[in-house]
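Working notes, structure below.
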Amino acid sequence: MFWHSSAHIMGEAIERLYGGHLCYGPPIENGFYYDVFMCGCSPNTDQNELSSVSTSHFNSIETSMKSICNEKQPFERLELTKDELIEMFSYNQFKVRILKEKIKEDRTTVYRCGTLIDLCRGPHVRHTGNVKALKVTKVSILLYYKENYFISTDANVCNKTQTIITLVLILFLSLHLRPNVALINAFPLLLCYSMRIVCLFFQY
């Protein structure tokens, strides 16, 4: 419960600072994380900073999280219809996908703390002030897929590069491990990724 509530606090902080679109933010065994699409929506930072988060942002995120904890924001459970939530999260393609593909019931729950409202079944601590200590320790990159393609059309250059790198690695490993049958074994994957490159270059 403690880690779960801490994840919501970090989600609110990232929305405040960078206008990121939140996806999944679960607790894990030794902490928590939040998948965030840095969409460049925040007026608080310059455009170069909005495409990604690095270790240089950790202090700002922690400061914002501690401020949220000091505000002692209550965690409020709300129940809404699926259609209401799809409309509410219409700006966030990731939440809309979760609602359409993962939520089977006509109604489901969200939790609110401060400015953050997120899909959640709970439970949570009573308020954000119950979280007394926190630390941002790691940042990583997530590749998010939709129907076998990268979901973000704003990252086409990155997507093309990642796909080409994957193609080269498959060929290299095949040739290195079994050179006599490498091309035969690798052909289906090579064909798949070649088609993906074509789709990415021509905007699907």
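Eigenvalues of the Cα gyration tensor times 5, then square-rooted: what semi-axes does that give for segment 2-130, in whole angstrom, largest first? Write down the numbers at each step before the final one.
Values: eigenvalues 107, 72, 32 Å².
Its equivalent ellipsoid spans semi-axes of 23, 19, 13 Å.
Under the simplified labelling scheme, the Ser67-Glu79 pair shows an inter-label distance of 3.6 nm, with each label point 7 Å from Cα along Cα→Cβ. Neighbours of Pro74 by Cβ distance under 12 Å: Lys/Arg scored +1, Asp/Glu scored -1, total +2.
Between Lys132 and Tyr24, the FRET efficiency from the beta-carbon distance, with R0 = 30 Å, is close to 0.75.
Which of His8, His127 comes first, and how do the rest follow, when ranked by fewest Cβ neighbours within 10 Å?
Details: His8 29, His127 16.
Ascending number of Cβ neighbours within 10 Å: His127, His8.
Taken together, the values in this text are just the output of simple stated rules run on the coordinates, not laboratory data. The model shown is predicted, which means the values in this text are computed figures rather than measured ones. Cβ coordinates were reconstructed from backbone atoms using ideal geometry, including for glycine residues, and neighbour counts include every protein chain displayed.
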